[in-house]
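**Student:** Here you go, one structure.
The values are calculated or read from the model by the stated rules, or taken from the named source; none is laboratory data. Computed from a predicted structure; not experimentally measured. Every residue, glycine as well, gets a Cβ built from its backbone with ideal geometry; the counts of neighbours run over all protein chains shown. Each accessible area value is taken on the protein alone, full model and side chains, heavy atoms only, with ligands, DNA and RNA left out. Shrake-Rupley method; radii C 1.70, N 1.55, O 1.52, S 1.80 Å.
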Amino acid sequence: MMLKKIARTMAYIGSIITGFYLFASAPGFHKREKWQHLTGWDYAHRGLHDNEHGIPENSMAAFQRAVDKGYGIELDVHLTADNQLVVFHDDTLTRMCGINKKISGFLYSYLQQLRLLGTGEGIPLFKDVLALVDGKVPLIIELKVDGSNQNLLCPLVWQLLSGYKGSYCIESFHPFVLQWFKRHQPQVVRGQLSCNFFKENPHCDIVLFLMSNLMTNFFTHPDFIAYKYLDLKNPAVIYNRKLFRIMTVVWTIPGKPTYDRFKGKVDAMIFEGFEP
């Protein structure tokens, strides 16, 4: 009798946990046509860069090369100390500029003097990248939150995008970015970036667990998920794709064999280090 009671209790708890998991990771139903104009493209990761030939990532040269070859572009946007929007991936300047300090701590007047990986290319302003692309190819724009600056970052990004005529979407690892656009500009296509964080950082962390399993979807309602291609067997990803048929972007495809394996199985691919 006692064992049966324990078993029923465990089953009850298990059903509650399962129900919460399914509720939290559900993106809601979306009209696929909202995202349709962004499918059918391959997106060059941080532009079509080639470090060996002096075309660094997230540079004007890399973006021009992607436009010239007809690839969509994935890029990253940070906010500077004087509230300028710059296109740059890392939180710090260490890898690209040799300065071990956060990019958010500098005025743009200083940043524009720096060179990327010793080339002639500098850190571009987001508005200049938009002017260069000018709607010729679609953009996947990742917003990089520093601390809790999303309520400043998002409106400034929207100020520029509101007048942009080309195709684009926004994405972020930070769910509050998606929440801001859902609340203030719901017509903007928004995507939740994620991966299995525990592969690279195996420890007990509730935030990483929630992010890995897309458990902020219930309040951000993303239009698509952008998930690391190596981690697509995550149950939450399968659940989102099979039940809700959510648009899926995979990152970052490293070569033609992997590209061919996913072609036709996802809605868009972000690639790097080769040309499809």
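**Student:** Cβ-Cβ under 7 Å, sequence separation 6+ or interchain: first residue in region 251-271 and open to solvent by 10 Å² or more (accessible area, probe 1.4 Å), partner of a type in the set (Ser, Thr, Tyr) and assigned to a loop (DSSP other than H, G, I, E, B). Which pairs?
**Tutor:** Qualifying pairs under 7 Å: Asp267/Thr39.
**Student:** Okay, moving on. Can you name the residue in region 245-263 that is closer than 19 Å to Asp223 by Cα and assigned to a loop (DSSP other than H, G, I, E, B) and is also modelled with the highest pLDDT among such residues?
**Tutor:** Applying the first criterion (closer than 19 Å to Asp223 by Cα) to region 245-263 yields 245-251.
Then keep just the ones that are assigned to a loop (DSSP other than H, G, I, E, B); that gives 245-246.
Numbers: Arg245: 90, Ile246: 93.
Here the residue is Ile246.
**Student:** Only one of these is buried (at least 18 other Cβ atoms within 10 Å of the Cβ), polar (S, T, N, Q) and in contact with a Phe, Trp or Tyr (Cβ under 6 Å, 6 or more places away or on another chain): Ser172, Ser212. Name it.
**Tutor:** The conditions single out Ser212.
**Student:** When you look at Asn83, is it polar (S, T, N, Q), open to solvent by less than 30 Å² (accessible area, probe 1.4 Å) and within 26 Å of Gln192 (Cα to Cα), yes or no?
**Tutor:** No; evaluated as a whole, the condition is false for this residue.
**Student:** Criterion first (open to solvent by less than 30 Å² (accessible area, probe 1.4 Å), more than 24 Å from Gly191 (Cβ to Cβ), in contact with a helix residue (DSSP H, G or I) (Cβ under 9 Å, 6 or more places away or on another chain) and of a type outside the set (Val, Ile, Thr)) does Leu114 satisfy it?
**Tutor:** Criteria met by Leu114.
**Student:** Please go through region 102-121 and give me each residue that is small (Gly, Ala, Ser) and over 23 Å from Asn149 (Cβ atoms), ordered by number.
**Tutor:** Gly118, Gly120
Residues checked against (1) among the hydrophobic types (A, V, I, L, M, F, W, C); (2) touching a residue at least 60 places away in the same chain (Cβ under 8 Å):
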{"site": "Tyr71", "(1), (2)": "no, yes"}
{"site": "Leu75", "(1), (2)": "yes, yes"}
{"site": "Leu107", "(1), (2)": "yes, no"}
{"site": "Pro138", "(1), (2)": "no, yes"}
{"site": "Val145", "(1), (2)": "yes, no"}
{"site": "Pro155", "(1), (2)": "no, no"}
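**Student:** So how many residues does region 95-104 have that are open to solvent by 60 Å² or more (accessible area, probe 1.4 Å) and either in a loop (DSSP other than H, G, I, E, B) or under 21 Å from Phe173 (Cβ atoms) (or both)? Talk me through it step by step, then tell me what you get.
**Tutor:** Within region 95-104, the first condition is being open to solvent by 60 Å² or more (accessible area, probe 1.4 Å), and the residues that meet it are 95, 98, 100-102.
From what is left, the residues that are either in a loop (DSSP other than H, G, I, E, B) or under 21 Å from Phe173 (Cβ atoms) (or both) are 95, 98, 102.
Adding up the residues that qualify gives 3.
**Student:** Here's a check for you: in region 216-245, which residue that is surrounded by fewer than 20 Cβ atoms within 10 Å (Cβ to Cβ) and among the hydrophobic types (A, V, I, L, M, F, W, C) is farthest from the chain's Cα centre (by Cα)?
**Tutor:** Of everything passing the filter in region 216-245, Leu243 is farthest from the chain's Cα centre (by Cα).
**Student:** List the number of the failed condition for Leu79; all other conditions in (1) of a type outside the set (Val, Ile, Thr); (2) modelled with pLDDT under 95; (3) touching a strand residue (DSSP E or B) at 6+ places or on another chain (Cβ under 9 Å) hold.
**Tutor:** (2)
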